[in-house]
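What follows is a set of notes on a single structure, which appears directly below.
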Amino acid sequence: HRIWVCRDATRIYVILAVCTHLGCTPNWVGSENKFKCPCHGSGFDAEGVNFEGPAPRPMDRCYVSLAPDGQILVDKLILFREDQWEDESAGAFISA
Ligand code: FES
């Protein structure tokens, strides 16, 4: 589905796997603890923040919510840029 569902100590968030350079799909490289874009070499840390290569900004995150039965629901049509990642009420993350 071209997303990663990520969990840290306090929250669950969903990274849209679209490189912010020209739209290729970065892969997770566990041995280097980063996402790596195969097209032009952009690298993103585990939170999706760009740190190497031509990507101009972090990858976007998707709307995420918890259904009454406990399933994690993701909507890829509602996206959050980095300055919106802290907005839990809008659906940028759910508390873990
Ligand atoms: Fe990812 Fe160019 S599309 S580095």
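Readers should treat all values here as calculations from the given coordinates under stated rules, not as data from a laboratory. For clarity, every value in this text was computed on a predicted model and none was experimentally measured. Positions of Cβ are backbone-derived with ideal geometry, glycine not excepted, and every protein chain shown enters the neighbour counts.
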Practice problem: Count neighbours as other Cβ atoms within 10 Å of each site's Cβ, and list the GluC sites (Glu not before Pro) in the stretch 23-96 that are DSSP loop with at most 14 such neighbours. | Solution: Glu86
Exercise. Under 4.7 Å Cβ to Cβ, no partner at all: give me those cysteines from the chain, in residue order.
Key: Cys6, Cys62
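Using the Kirkwood formula over every pair of different C-alpha atoms, what hydrodynamic radius in Å results for the chain? List each step's numbers first, then the result.
Values: mean 1/r = 0.0741 Å⁻¹.
That comes to 13.5 Å for the chain.
If you place +1 on the Cβ of every Lys and Arg and -1 on the Cβ of every Asp and Glu, how big does the dipole about the Cα centre of the chain come out, in debye to the nearest 20? Mind dumping the intermediate values first?
Values: 9 positive and 13 negative charges, 67 e Å.
It works out to roughly 320 debye.
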Exercise. May I ask you to derive the relative contact order of the chain, considering only C-alpha pairs under 8 Å and at least 6 residues apart, and to give it as an integer percent?
Key: 25
